[in-house]
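The values are calculated or read from the model by the stated rules, or taken from the named source; none is laboratory data. Given the structure is predicted, the values throughout are model-derived calculations rather than measurements. Every residue, glycine among them, receives a Cβ derived from its backbone with ideal geometry; neighbour counts consider all protein chains shown. Accessible surface areas use protein heavy atoms only, side chains included; no ligands, DNA or RNA. Shrake-Rupley method; radii C 1.70, N 1.55, O 1.52, S 1.80 Å.
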Amino acid sequence: MMNCDGKMSFGDYIFPINPYLIKLTHKKQIAEQHIPMNGSVVSDMGRLTVRISGEGEFCGENCREDFEALKRLYECSSAEMLYIPSQKPVYAVFERLELIGSDVEGVIRYSFSFVGSSEAPAGKRRSATGDGKKCLWDISYESGIDIDSLVDMNPDIKRPDIPIPAGRRIILC
């Protein structure tokens, strides 16, 4: 499923309402070694994987059902593609889901966190099928995947501005 409407999604689940707070945390592993009588030495051990966290609300008469659907996703999901508006998609694992506020006047507040990965798990490559009308630029726009990434993953497509033949497989990530 392609995410083309600016909604946050994880795998096939599209959040009915985007979370109001999304935080992306990029960290490095830093090792500090104390040297007796001489201070310390700091070493950069490299980047850690991105953590995506935030808070949101489900509103309306279906708010309880919306939260339960998200809870089932948390309980049953493995690594999936996470789309966040205005961000590059990333494979992630749903790490935490927390109910913050109960159903008061049709509103349920929740918080969440995902742990991202730049690599697709084995057997989890996502693809689409050409329809003879859309080109790689169209697919990039609809899916939120950077055009350069699509071109790199589909090196046999020489011109990203020409419609992809119907039935041809396009690797998305």
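Here is how the numbers come out for the structure above:
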{"read-out": "Search result, residues across the range 3-19 that are in a strand (DSSP E or B) and either over 21 Å from SER117 (Cα atoms) or aromatic (Phe, Trp, Tyr) (or both)", "value": "PHE10, TYR13"}
{"read-out": "Some residue of the range 25-47 being in contact (Cβ under 8 Å) with a residue 40 or more places away in the chain, in contact with a strand residue (DSSP E or B) (Cβ under 8 Å, 6 or more places away or on another chain) and within 20 Å of MET81 (Cβ to Cβ)", "value": "no"}
{"read-out": "Of residues in the range 147-173 being part of a loop (DSSP other than H, G, I, E, B) and in contact with a Pro (Cβ under 9 Å, 6 or more places away or on another chain), the one modelled with the lowest pLDDT", "value": "CYS173"}
{"read-out": "Pick from the range 148-173, criterion under 25 Å from SER86 (Cα atoms) and open to solvent by less than 20 Å² (accessible area, probe 1.4 Å), ranking: nearest to the chain's Cα centre (by Cα)", "value": "LEU172"}
